[in-house]
Amino acid sequence: MKNITTTFKKLFYLWRRCQVPIKQPTRFSKIDNLIIFLICILISIISSYKLLLISPLEISDIFSWLLIFSEALVSSYILILVSKKENPTISSRQVILLITLLLVVQTLKFAFASTISPLSMIIPPALIISQGMGSITALAWVSIASLSWLDSAIAIDNNLFFVLLVFASLVSLLGGRIRSRAQLLQLSIFVPIGSFLSQLILIGQDKTSLFDKKEFAFSNGDIFSDSLLLAIVMLLTILFIPLFESIFGLLTKARLLELADKEKPLIRRLSLEAPGTFEHTLLICGLAEEATRMIGGDIDLVKTGGLYHDIGKLHAPSWFIENQDGSTNPHDEIDDPFKSAEVLQAHVDEGLKYARKNRLPQPIANFIPEHQGTLKMGYFFHKAKEKNIKISENDFRYNGPVPQSKETAILMLADGCEAALRAMNINASDNEALETISNIFYTRQKDGQLKDSNLSNGEIFLIKRAFLNVWKRIRHRRIQYPTSKNNTFS
């Protein structure tokens, strides 16, 4: 019996260790919560106000109104919960956009439902939401918006409702994966064509002749004109997505790839003014991308964030060892560990200033302080101790915060492992490299740097293996080519 109890305890311990920590959602200010609540109330009023216009008004009508009002309010709350569950760091601006789009659809439903198909009102917002907030949030929004469209006062064909659900869900799923503006354009063409063919098969053309082109193109409620309107609205949506990105802080895949262009001014400056830092950045990105791919994280986010994580070193490139030519070291000249520590902290502070000046999205700017977290500046801390200065360890720690996401945590780990792996002997074994990686991971965990990152122990194991795989690829030997006397052999 004792053996069984011990076995269960071990299994429970292993189960608990492999679980992902619970990520706490971002807290909104009281004003933002009030605005969100008022918009939810407006959605509920618009969804149910027609029941109060019935004359004479009976008790059953009041109960029906109260039921629909509560249903709309609860649906809005569930939508917000889903968005926070998918992305705990979602901002209040994005939540306001989410429920405002629901409010707009509810308003347009009562204003134009008799003349315009729900396809044109529900599918385009689903594209915006999936691009900026994720497919799960978009699917939840589509479900609530579609179900709220069903109203006793508004007739909708069952086949049309089926087509709406299928194509809105398709856009929600594909929108979260699309990585370029060209793919968005393709989606805006193929979805209207697909919806037109689906309606033609399931519903048929019962108002006008297929060959009566003039009436066919401009007849209200006609499947061709509805599909044409859907195509136009989706194209307009694509044009306005960059505006939504700017106003509401949406970070789409296409925007990430644009920022990752190495000809962007900040990245170009880094390659010219701090070439050592730039080379270090590219190596870190290689490690971080492979690790993020291994755990199923956001590869585009970690790649782009990695490119910008050290832009603060532009304020004084020569103060960092990777940019020095080996002749002089400014830190040796000032011979003051406290001032040297200030220079290291300044590369984080200045980096955030560069990010604000260049309007980098917040998820990208987060990589700048979080890749250092609250790590100790060990070299200068020991220098200060050698001078017998009474110091506190906190004087030689970065200001933080510690990594708040898996991606920023991976970049911190890659930053620590890159130099150590590159310095290893080319004949080092895999076990030696893995031991080096594990030691760095252990010190980061022991120091509390990964406590808010939401990384599970299983994911940390996979990240170690990913770093090892990258190291094995880049440590290959080079063939020593023979040379002729006149050095013309190639």
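Please treat every number below as a calculation from the coordinates, not as lab data. All figures in this text were calculated on a predicted structure; none of them were measured in a lab. Methodologically, a virtual Cβ is constructed for each residue, glycine included, from the backbone with ideal geometry; neighbour enumeration extends over all protein chains shown.
From helices alone, the chain scores -22000 deg cm²/dmol at 222 nm; the rule is -39500 (n - 2.57) for each run of n ≥ 4 DSSP H residues, then divide by the residue total. For the chain, hydrophobic long helices are taken as DSSP H runs at least 15 Å long by C-alpha position along their axis with mean Kyte-Doolittle hydropathy of 0.0 or more; these are 30-48, 59-86, 92-112, 119-133, 135-149, 158-175, 181-202, 223-248, 275-295, 406-422, 457-474. Were the residues from M424 through L165 laid out at 0.36 nm apart, the gain over their Cα-Cα distance would be 87.6 nm. Mind running the shape call on the range 384-476? Use the C-alpha gyration tensor, a ≥ b ≥ c as the square roots of the eigenvalues: rounded below 1.5 for a/c, prolate if a/b tops b/c, oblate otherwise. Verdict is oblate for the range 384-476. For F112 and E435, the difference between the fully extended length at 0.36 nm per residue and the C-alpha to C-alpha distance is 109.7 nm. Around the Cα centre of the chain, unit charges on the Cβ atoms of Lys, Arg, Asp and Glu (plus for the first two, minus for the last two) sum to a dipole of about 1240 debye. Compared with the alpha-carbon gap, the fully stretched path from K472 to L202 is longer by 91.6 nm at 0.36 nm per residue. Under 5 Å between amide hydrogens, built in the peptide plane, is the criterion, and for L375 it picks out Y398 among residues at least 5 positions away or on other chains. If you take the square roots of the eigenvalues of the alpha-carbon gyration tensor of the range 260-474 and sort them as a ≥ b ≥ c, do you get rounded (a/c under 1.5), prolate (a/b over b/c) or oblate? Rounded, because the longest to shortest axis ratio a/c is under 1.5. For the range 352-427, applying the loop criterion from DSSP together with a ceiling of 12 other beta carbons within 10 Å to the trypsin sites (Lys or Arg not before Pro) yields R359, K387, K390. Taking only the Cα atoms of the chain, the radius of gyration and Dmax are 28.8, 108 Å.
For the range 24-253, the calculated P(r) over all alpha carbon pairs, in 5 Å bins from 0 to the bin holding the longest distance, is 1, 7, 14, 17, 18, 15, 12, 8, 5, 2, 1, 0 percent.
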